[in-house]
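The values are calculated or read from the model by the stated rules, or taken from the named source; none is laboratory data. Since the structure is predicted, the reported quantities are computational estimates derived from the model, not experimental observations. FYI the Cβ positions are ideal-geometry reconstructions off the backbone, even for glycines, and counts take in every protein chain you see. Heavy atoms of the whole protein, side chains included, go into the accessibility calculation; ligands, DNA and RNA do not. Shrake-Rupley method; radii C 1.70, N 1.55, O 1.52, S 1.80 Å.
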Amino acid sequence: MSARTYLLAAGAFAVGTSAYVVSGVLPAVSAELDVSVTAAGQLTTAFALAYAVSAPFLATVTARWERRRLLLAALLVAALGNAISAVATTYPLLLGGRIIAALGAAAYTPAATLFATALRPPAERGRAVAIVFGGLTVALALGVPIGSLLAGSVGYRGVFAVVAAVSLVTALAVRPQLPLMAGSPAVALRERFAVAADRRVLTLLAITVLGVVATMSVYIYVVPLLTVTTGLAGSTIGGLLLAYGLGAIVGNAWGGRATDRFGSVPTLFATIAGFVIMIATLPLTATTAVGAAVALFVWSVFTWSFNPPVQSLLLELAPAGGMVLSLNASAIYLGMGLAGVLGGAVIGTVGVLALPGVGAALGLVVVGLMLSLRAGARREPALAAD
(Lines give C-alpha, C1' and ligand atoms only; values in the text may rest on other atoms or scores of the structure.)
Protein backbone atom coordinates (compact mmCIF):
# COMPACT_ATOMS: atom_id res chain seq x y z
CA MET A 1 0.00 0.00 0.00
CA SER A 2 1.20 3.51 -0.80
CA ALA A 3 2.23 6.21 1.66
CA ARG A 4 -0.82 8.16 0.51
CA THR A 5 -3.13 5.51 1.91
CA TYR A 6 -1.33 5.66 5.23
CA LEU A 7 -1.68 9.44 5.28
CA LEU A 8 -5.44 8.97 4.92
CA ALA A 9 -5.21 6.57 7.86
CA ALA A 10 -3.39 9.27 9.86
CA GLY A 11 -6.36 11.56 9.33
CA ALA A 12 -8.65 8.77 10.47
CA PHE A 13 -6.47 8.47 13.58
CA ALA A 14 -6.98 12.17 14.31
CA VAL A 15 -10.77 12.12 13.95
CA GLY A 16 -10.99 8.70 15.60
CA THR A 17 -9.15 9.89 18.67
CA SER A 18 -11.54 12.83 18.78
CA ALA A 19 -14.49 10.43 18.72
CA TYR A 20 -13.26 7.83 21.19
CA VAL A 21 -11.06 9.72 23.66
CA VAL A 22 -14.02 10.67 25.86
CA SER A 23 -14.17 7.01 26.95
CA GLY A 24 -10.70 7.37 28.44
CA VAL A 25 -11.28 10.72 30.17
CA LEU A 26 -14.75 10.10 31.64
CA PRO A 27 -13.53 10.29 35.25
CA ALA A 28 -11.61 13.53 34.55
CA VAL A 29 -14.58 15.18 32.83
CA SER A 30 -16.89 14.05 35.62
CA ALA A 31 -14.58 15.42 38.33
CA GLU A 32 -13.57 18.70 36.67
CA LEU A 33 -17.07 19.69 35.53
CA ASP A 34 -18.85 18.19 38.54
CA VAL A 35 -21.19 16.04 36.44
CA SER A 36 -22.04 12.34 36.72
CA VAL A 37 -20.15 9.70 34.78
CA THR A 38 -23.35 9.00 32.85
CA ALA A 39 -23.64 12.68 31.88
CA ALA A 40 -20.00 12.68 30.78
CA GLY A 41 -20.72 9.60 28.67
CA GLN A 42 -23.39 11.54 26.80
CA LEU A 43 -20.60 13.64 25.24
CA THR A 44 -19.93 10.55 23.12
CA THR A 45 -23.64 10.41 22.34
CA ALA A 46 -23.67 14.06 21.20
CA PHE A 47 -20.61 13.51 18.98
CA ALA A 48 -22.07 10.35 17.51
CA LEU A 49 -25.54 11.71 16.78
CA ALA A 50 -24.13 14.90 15.23
CA TYR A 51 -21.96 12.71 13.00
CA ALA A 52 -24.83 10.38 12.09
CA VAL A 53 -27.20 13.19 11.10
CA SER A 54 -24.66 15.29 9.21
CA ALA A 55 -22.65 12.68 7.28
CA PRO A 56 -25.08 12.00 4.38
CA PHE A 57 -25.96 15.67 4.00
CA LEU A 58 -22.32 16.72 4.03
CA ALA A 59 -21.61 14.03 1.42
CA THR A 60 -24.28 15.60 -0.80
CA VAL A 61 -23.28 19.23 -0.22
CA THR A 62 -19.60 18.50 -0.83
CA ALA A 63 -20.07 15.94 -3.62
CA ARG A 64 -18.62 18.21 -6.33
CA TRP A 65 -15.70 19.40 -4.21
CA GLU A 66 -12.25 18.33 -5.24
CA ARG A 67 -11.48 15.46 -2.85
CA ARG A 68 -8.17 16.74 -1.46
CA ARG A 69 -9.71 20.11 -0.60
CA LEU A 70 -12.57 18.32 1.15
CA LEU A 71 -10.20 16.26 3.29
CA LEU A 72 -8.22 19.39 4.25
CA ALA A 73 -11.36 21.31 5.22
CA ALA A 74 -12.72 18.38 7.23
CA LEU A 75 -9.53 18.04 9.27
CA LEU A 76 -9.45 21.78 9.99
CA VAL A 77 -13.04 21.68 11.27
CA ALA A 78 -12.14 18.69 13.47
CA ALA A 79 -9.14 20.64 14.83
CA LEU A 80 -11.40 23.62 15.62
CA GLY A 81 -13.90 21.47 17.50
CA ASN A 82 -11.18 19.90 19.61
CA ALA A 83 -9.61 23.31 20.29
CA ILE A 84 -12.98 24.52 21.61
CA SER A 85 -13.20 21.38 23.75
CA ALA A 86 -9.72 22.13 25.10
CA VAL A 87 -10.72 25.57 26.44
CA ALA A 88 -14.19 24.51 27.62
CA THR A 89 -14.77 25.13 31.31
CA THR A 90 -18.49 24.34 31.23
CA TYR A 91 -20.43 21.29 30.11
CA PRO A 92 -22.45 23.15 27.40
CA LEU A 93 -19.29 24.57 25.80
CA LEU A 94 -17.62 21.17 25.84
CA LEU A 95 -20.76 19.71 24.26
CA GLY A 96 -20.60 22.33 21.49
CA GLY A 97 -16.95 21.53 20.82
CA ARG A 98 -17.76 17.83 20.47
CA ILE A 99 -20.50 18.60 17.93
CA ILE A 100 -18.18 20.78 15.79
CA ALA A 101 -15.50 18.09 15.90
CA ALA A 102 -18.12 15.56 14.80
CA LEU A 103 -18.92 17.61 11.68
CA GLY A 104 -15.28 17.46 10.62
CA ALA A 105 -15.13 13.72 11.25
CA ALA A 106 -18.40 13.17 9.36
CA ALA A 107 -16.99 14.86 6.26
CA TYR A 108 -13.60 13.17 6.52
CA THR A 109 -14.12 9.45 7.11
CA PRO A 110 -16.33 8.51 4.09
CA ALA A 111 -14.28 10.74 1.76
CA ALA A 112 -11.00 9.23 2.96
CA THR A 113 -12.34 5.68 2.56
CA LEU A 114 -13.49 6.36 -1.00
CA PHE A 115 -10.21 8.14 -1.80
CA ALA A 116 -8.22 5.12 -0.58
CA THR A 117 -10.24 2.61 -2.63
CA ALA A 118 -9.83 4.81 -5.73
CA LEU A 119 -6.05 4.63 -5.33
CA ARG A 120 -5.98 0.80 -5.37
CA PRO A 121 -7.20 -1.98 -7.74
CA PRO A 122 -10.48 -3.76 -6.84
CA ALA A 123 -8.67 -6.85 -5.55
CA GLU A 124 -7.03 -4.75 -2.83
CA ARG A 125 -10.15 -2.83 -1.81
CA GLY A 126 -10.64 -4.68 1.48
CA ARG A 127 -7.07 -3.95 2.57
CA ALA A 128 -7.36 -0.29 1.52
CA VAL A 129 -10.49 0.08 3.66
CA ALA A 130 -8.73 -1.73 6.51
CA ILE A 131 -5.77 0.66 6.40
CA VAL A 132 -7.97 3.76 6.59
CA PHE A 133 -9.96 2.24 9.43
CA GLY A 134 -6.62 1.22 10.91
CA GLY A 135 -6.27 4.87 11.82
CA LEU A 136 -9.36 4.48 13.98
CA THR A 137 -7.96 1.36 15.60
CA VAL A 138 -4.66 3.09 16.37
CA ALA A 139 -6.75 5.85 17.94
CA LEU A 140 -8.06 3.19 20.29
CA ALA A 141 -4.67 1.53 20.72
CA LEU A 142 -2.80 4.74 21.53
CA GLY A 143 -5.12 7.75 21.64
CA VAL A 144 -7.63 6.52 24.21
CA PRO A 145 -5.17 4.88 26.66
CA ILE A 146 -2.75 7.81 26.42
CA GLY A 147 -5.68 10.18 26.91
CA SER A 148 -6.66 8.21 30.01
CA LEU A 149 -3.12 8.45 31.37
CA LEU A 150 -2.67 12.15 30.50
CA ALA A 151 -6.01 13.15 31.99
CA GLY A 152 -4.61 12.63 35.47
CA SER A 153 -1.87 15.24 34.95
CA VAL A 154 -3.17 17.70 32.31
CA GLY A 155 -6.91 17.20 32.65
CA TYR A 156 -9.35 16.61 29.83
CA ARG A 157 -8.55 20.07 28.38
CA GLY A 158 -4.94 19.11 27.79
CA VAL A 159 -6.01 15.87 26.14
CA PHE A 160 -8.30 17.67 23.69
CA ALA A 161 -5.54 20.22 22.96
CA VAL A 162 -3.28 17.36 21.88
CA VAL A 163 -6.02 15.95 19.65
CA ALA A 164 -6.53 19.39 18.06
CA ALA A 165 -2.79 19.63 17.34
CA VAL A 166 -2.71 16.17 15.73
CA SER A 167 -5.68 17.10 13.51
CA LEU A 168 -3.97 20.34 12.44
CA VAL A 169 -0.64 18.69 11.65
CA THR A 170 -2.37 16.01 9.56
CA ALA A 171 -4.32 18.68 7.68
CA LEU A 172 -1.09 20.48 6.80
CA ALA A 173 0.31 17.25 5.32
CA VAL A 174 -2.71 16.56 3.08
CA ARG A 175 -2.15 19.32 0.49
CA PRO A 176 1.47 18.49 -0.51
CA GLN A 177 1.14 14.71 -0.25
CA LEU A 178 -2.18 13.74 -1.82
CA PRO A 179 -3.01 14.03 -5.53
CA LEU A 180 -5.92 16.02 -6.89
CA MET A 181 -9.07 13.93 -7.28
CA ALA A 182 -12.22 15.24 -8.91
CA GLY A 183 -15.52 15.21 -7.08
CA SER A 184 -18.68 13.50 -8.28
CA PRO A 185 -21.10 14.92 -10.86
CA ALA A 186 -24.01 16.90 -9.48
CA VAL A 187 -26.81 14.55 -8.40
CA ALA A 188 -30.07 15.50 -6.69
CA LEU A 189 -30.39 14.67 -3.01
CA ARG A 190 -33.31 12.33 -3.68
CA GLU A 191 -31.27 10.36 -6.22
CA ARG A 192 -28.35 10.08 -3.81
CA PHE A 193 -30.59 8.66 -1.09
CA ALA A 194 -32.23 6.23 -3.53
CA VAL A 195 -29.49 3.71 -2.74
CA ALA A 196 -30.91 3.41 0.78
CA ALA A 197 -34.20 2.06 -0.60
CA ASP A 198 -32.55 -1.25 -1.47
CA ARG A 199 -33.44 -3.94 1.08
CA ARG A 200 -29.90 -5.28 1.20
CA VAL A 201 -28.44 -1.86 1.92
CA LEU A 202 -31.01 -1.25 4.64
CA THR A 203 -30.21 -4.62 6.20
CA LEU A 204 -26.48 -3.89 6.17
CA LEU A 205 -27.06 -0.47 7.72
CA ALA A 206 -29.17 -2.11 10.45
CA ILE A 207 -26.37 -4.64 11.01
CA THR A 208 -23.91 -1.77 11.41
CA VAL A 209 -26.13 0.14 13.86
CA LEU A 210 -26.92 -2.86 16.06
CA GLY A 211 -23.39 -4.24 15.88
CA VAL A 212 -21.95 -0.93 17.05
CA VAL A 213 -24.57 -0.60 19.81
CA ALA A 214 -23.78 -4.14 20.96
CA THR A 215 -20.08 -3.49 21.46
CA MET A 216 -19.93 0.25 22.18
CA SER A 217 -22.61 0.18 24.90
CA VAL A 218 -20.01 -1.82 26.80
CA TYR A 219 -16.85 -0.04 25.62
CA ILE A 220 -18.04 3.52 26.37
CA TYR A 221 -18.41 2.50 30.02
CA VAL A 222 -15.55 0.01 30.09
CA VAL A 223 -13.54 1.99 32.67
CA PRO A 224 -16.23 1.82 35.39
CA LEU A 225 -16.98 -1.78 34.33
CA LEU A 226 -13.36 -2.86 34.77
CA THR A 227 -13.14 -1.00 38.06
CA VAL A 228 -15.96 -3.21 39.35
CA THR A 229 -14.82 -6.53 37.84
CA THR A 230 -11.09 -6.21 38.61
CA GLY A 231 -10.98 -3.77 41.52
CA LEU A 232 -8.26 -1.86 39.64
CA ALA A 233 -8.04 1.83 38.76
CA GLY A 234 -5.75 4.56 37.39
CA SER A 235 -2.76 3.65 35.20
CA THR A 236 -3.55 -0.07 35.32
CA ILE A 237 -6.90 0.59 33.62
CA GLY A 238 -5.02 2.63 31.01
CA GLY A 239 -2.86 -0.41 30.33
CA LEU A 240 -5.95 -2.58 29.89
CA LEU A 241 -7.32 -0.08 27.36
CA LEU A 242 -4.04 -0.42 25.50
CA ALA A 243 -4.65 -4.18 25.25
CA TYR A 244 -8.04 -3.44 23.68
CA GLY A 245 -6.42 -1.02 21.24
CA LEU A 246 -3.76 -3.51 20.19
CA GLY A 247 -6.50 -6.04 19.54
CA ALA A 248 -8.22 -3.45 17.36
CA ILE A 249 -5.11 -3.12 15.19
CA VAL A 250 -4.86 -6.88 14.76
CA GLY A 251 -8.60 -7.27 14.13
CA ASN A 252 -8.80 -4.52 11.56
CA ALA A 253 -5.84 -5.91 9.60
CA TRP A 254 -7.24 -9.45 9.77
CA GLY A 255 -10.69 -8.26 8.71
CA GLY A 256 -9.30 -6.63 5.57
CA ARG A 257 -7.19 -9.60 4.54
CA ALA A 258 -9.90 -12.13 5.37
CA THR A 259 -12.42 -10.14 3.34
CA ASP A 260 -10.16 -10.19 0.29
CA ARG A 261 -9.37 -13.89 0.72
CA PHE A 262 -12.57 -15.52 2.01
CA GLY A 263 -15.24 -13.01 1.04
CA SER A 264 -17.28 -10.47 2.94
CA VAL A 265 -20.11 -12.67 4.25
CA PRO A 266 -18.02 -15.48 5.83
CA THR A 267 -15.72 -12.91 7.44
CA LEU A 268 -18.67 -10.99 8.84
CA PHE A 269 -20.25 -14.14 10.31
CA ALA A 270 -16.97 -15.06 12.05
CA THR A 271 -16.62 -11.53 13.38
CA ILE A 272 -20.12 -11.32 14.83
CA ALA A 273 -19.97 -14.78 16.42
CA GLY A 274 -16.65 -13.96 18.05
CA PHE A 275 -17.64 -10.67 19.61
CA VAL A 276 -20.95 -12.07 20.94
CA ILE A 277 -19.06 -14.80 22.79
CA MET A 278 -16.46 -12.39 24.16
CA ILE A 279 -18.98 -9.79 25.36
CA ALA A 280 -21.19 -12.43 27.00
CA THR A 281 -18.28 -13.87 28.99
CA LEU A 282 -16.60 -10.57 29.92
CA PRO A 283 -17.82 -10.49 33.56
CA LEU A 284 -16.30 -13.96 34.03
CA THR A 285 -13.02 -13.42 32.20
CA ALA A 286 -12.18 -9.82 33.18
CA THR A 287 -11.74 -10.39 36.91
CA THR A 288 -7.94 -10.01 37.11
CA ALA A 289 -5.50 -7.72 35.32
CA VAL A 290 -4.18 -10.52 33.12
CA GLY A 291 -7.60 -11.99 32.43
CA ALA A 292 -9.03 -8.58 31.58
CA ALA A 293 -6.14 -7.79 29.23
CA VAL A 294 -6.60 -11.07 27.33
CA ALA A 295 -10.40 -10.71 27.22
CA LEU A 296 -10.24 -7.11 25.99
CA PHE A 297 -7.65 -8.01 23.35
CA VAL A 298 -9.67 -10.91 21.91
CA TRP A 299 -12.97 -9.00 22.13
CA SER A 300 -11.36 -6.13 20.24
CA VAL A 301 -9.94 -8.42 17.52
CA PHE A 302 -13.43 -9.61 16.67
CA THR A 303 -15.05 -6.19 17.06
CA TRP A 304 -12.62 -4.42 14.76
CA SER A 305 -12.77 -7.13 12.10
CA PHE A 306 -16.32 -5.87 11.50
CA ASN A 307 -15.74 -2.77 9.33
CA PRO A 308 -13.84 -4.13 6.29
CA PRO A 309 -16.39 -6.82 5.31
CA VAL A 310 -19.35 -4.45 5.83
CA GLN A 311 -17.73 -1.70 3.74
CA SER A 312 -16.81 -4.19 1.02
CA LEU A 313 -20.34 -5.58 0.91
CA LEU A 314 -21.71 -2.07 0.48
CA LEU A 315 -19.24 -1.34 -2.32
CA GLU A 316 -20.29 -4.57 -4.03
CA LEU A 317 -23.88 -3.35 -3.97
CA ALA A 318 -23.12 0.24 -5.04
CA PRO A 319 -19.71 0.38 -6.77
CA ALA A 320 -19.45 4.20 -6.88
CA GLY A 321 -19.83 4.12 -3.13
CA GLY A 322 -19.95 7.78 -2.09
CA MET A 323 -23.42 7.97 -0.58
CA VAL A 324 -23.59 4.39 0.63
CA LEU A 325 -20.31 4.81 2.54
CA SER A 326 -21.51 8.04 4.11
CA LEU A 327 -24.75 6.31 5.13
CA ASN A 328 -22.73 3.51 6.71
CA ALA A 329 -20.58 6.06 8.53
CA SER A 330 -23.80 7.60 9.83
CA ALA A 331 -24.93 4.15 10.91
CA ILE A 332 -21.68 3.63 12.84
CA TYR A 333 -22.04 6.86 14.74
CA LEU A 334 -25.78 6.47 15.22
CA GLY A 335 -24.89 3.17 16.86
CA MET A 336 -22.36 4.94 19.06
CA GLY A 337 -24.94 7.54 20.07
CA LEU A 338 -27.54 4.92 20.90
CA ALA A 339 -24.90 2.92 22.75
CA GLY A 340 -24.19 5.86 25.05
CA VAL A 341 -27.90 6.27 25.81
CA LEU A 342 -28.50 2.53 26.26
CA GLY A 343 -25.41 2.06 28.40
CA GLY A 344 -26.36 4.95 30.63
CA ALA A 345 -29.91 3.61 31.01
CA VAL A 346 -28.69 0.11 31.87
CA ILE A 347 -26.25 1.47 34.46
CA GLY A 348 -28.95 3.65 35.97
CA THR A 349 -31.44 0.80 36.32
CA VAL A 350 -29.66 -2.53 36.83
CA GLY A 351 -25.98 -1.59 37.13
CA VAL A 352 -22.83 -1.67 35.05
CA LEU A 353 -22.40 -5.45 35.30
CA ALA A 354 -25.54 -5.95 33.17
CA LEU A 355 -24.00 -4.21 30.15
CA PRO A 356 -22.17 -7.26 28.68
CA GLY A 357 -25.37 -9.35 28.68
CA VAL A 358 -27.32 -6.62 26.91
CA GLY A 359 -24.55 -6.27 24.31
CA ALA A 360 -24.48 -10.02 23.67
CA ALA A 361 -28.26 -10.12 23.18
CA LEU A 362 -28.04 -7.38 20.56
CA GLY A 363 -25.25 -9.30 18.87
CA LEU A 364 -27.59 -12.28 18.45
CA VAL A 365 -30.07 -10.00 16.69
CA VAL A 366 -27.25 -9.06 14.29
CA VAL A 367 -26.68 -12.75 13.56
CA GLY A 368 -30.35 -13.06 12.60
CA LEU A 369 -30.06 -10.10 10.23
CA MET A 370 -26.99 -11.64 8.63
CA LEU A 371 -28.90 -14.87 8.00
CA SER A 372 -31.70 -12.93 6.29
CA LEU A 373 -29.17 -11.00 4.20
CA ARG A 374 -27.42 -14.17 3.03
CA ALA A 375 -30.73 -15.76 2.08
CA GLY A 376 -31.47 -12.99 -0.44
CA ALA A 377 -27.94 -12.16 -1.53
CA ARG A 378 -27.74 -14.55 -4.48
CA ARG A 379 -30.61 -13.17 -6.54
CA GLU A 380 -30.21 -9.38 -6.72
CA PRO A 381 -27.80 -7.34 -8.89
CA ALA A 382 -25.53 -4.47 -7.87
CA LEU A 383 -27.09 -1.05 -7.68
CA ALA A 384 -26.40 1.77 -10.09
CA ALA A 385 -23.62 4.21 -9.28
CA ASP A 386 -24.60 6.79 -6.69
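Summary table below
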{"quantity": "Subset of the range 151-166 [surrounded by fewer than 18 Cβ atoms within 10 Å (Cβ to Cβ), farther than 12 Å from ALA78 by Cα and of a type outside the set (Ser, Thr, Tyr)]", "calculated": "GLY152, VAL154, GLY155, GLY158"}
{"quantity": "Unique match (being modelled with pLDDT of 70 or more and touching a Ser or Thr at 6+ places or on another chain (Cβ under 7 Å)) among THR208, THR229, THR170", "calculated": "THR229"}
{"quantity": "Condition met for GLY143 (open to solvent by 50 Å² or more (accessible area, probe 1.4 Å), in a helix (DSSP H, G or I), in contact with a Gly (Cβ under 8 Å, 6 or more places away or on another chain) and modelled with pLDDT under 75)", "calculated": "no"}
{"quantity": "Test: ALA88 is closer than 25 Å to ARG175 by Cα and in contact (Cβ under 8 Å) with a residue 12 or more places away in the chain", "calculated": "no"}
{"quantity": "Residues that are in contact with a Ser or Thr (Cβ under 8 Å, 6 or more places away or on another chain) and charged (D, E, K, R), drawn from the range 26-79", "calculated": "ARG64"}
{"quantity": "LEU284, sole failed condition from (1) more than 19 Å from VAL250 (Cβ to Cβ); (2) at pLDDT below 90", "calculated": "(2)"}
{"quantity": "Flag for SER305 being without any contact (Cβ under 8 Å) to a residue 60 or more places away in the chain, among the polar types (S, T, N, Q) and open to solvent by less than 20 Å² (accessible area, probe 1.4 Å)", "calculated": "yes"}
{"quantity": "Residue identified as modelled with pLDDT under 85, open to solvent by less than 30 Å² (accessible area, probe 1.4 Å) and not in a helix (DSSP H, G or I) among ALA52, ALA63", "calculated": "ALA63"}
{"quantity": "Residues of the range 6-45 that turn out to be under 20 Å from ALA243 (Cβ atoms) and either without any contact (Cβ under 8 Å) to a residue 24 or more places away in the chain or open to solvent by 30 Å² or more (accessible area, probe 1.4 Å) (or both), as a count", "calculated": "2"}
{"quantity": "Some residue of the range 174-197 being modelled with pLDDT of 75 or more, on the phi < 0 side of the Ramachandran plot, part of a helix (DSSP H, G or I) and open to solvent by less than 10 Å² (accessible area, probe 1.4 Å)", "calculated": "yes"}
{"quantity": "Subset of the range 41-82 [of a type in the set (Gly, Ala, Ser) and over 21 Å from the mean Cα position of the chain (by Cα)]", "calculated": "ALA63"}
{"quantity": "The range 358-375, residues that are more than 16 Å from PHE302 (Cα to Cα) and not aliphatic (A, V, I, L, M)", "calculated": "GLY368, SER372, ARG374"}
{"quantity": "Subset of the range 83-113 (residues that are of a type in the set (A, V, I, L, M, F, W, C) and either within 20 Å of the chain's Cα centre (by Cα) or not in a helix (DSSP H, G or I) (or both))", "calculated": "ALA88, LEU95, ILE99, ILE100, ALA101, ALA102, LEU103, ALA105, ALA106, ALA107, ALA111, ALA112"}
{"quantity": "Residues satisfying the stated conditions in the range 237-259, i.e. open to solvent by 60 Å² or more (accessible area, probe 1.4 Å) and either in contact (Cβ under 8 Å) with a residue 60 or more places away in the chain or polar (S, T, N, Q) (or both)", "calculated": "LEU242, LEU246, ILE249, ARG257"}
{"quantity": "Residue list for the range 262-291, filter: of a type in the set (Phe, Trp, Tyr) and farther than 15 Å from GLY247 by Cα", "calculated": "PHE262, PHE269"}
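Residue-by-condition table, conditions (1) open to solvent by less than 20 Å² (accessible area, probe 1.4 Å); (2) in contact with a helix residue (DSSP H, G or I) (Cβ under 8 Å, 6 or more places away or on another chain); (3) hydrophobic (A, V, I, L, M, F, W, C):
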site	(1), (2), (3)
THR281	no, yes, no
LEU296	yes, yes, yes
ASN328	yes, yes, no
GLY337	yes, yes, no
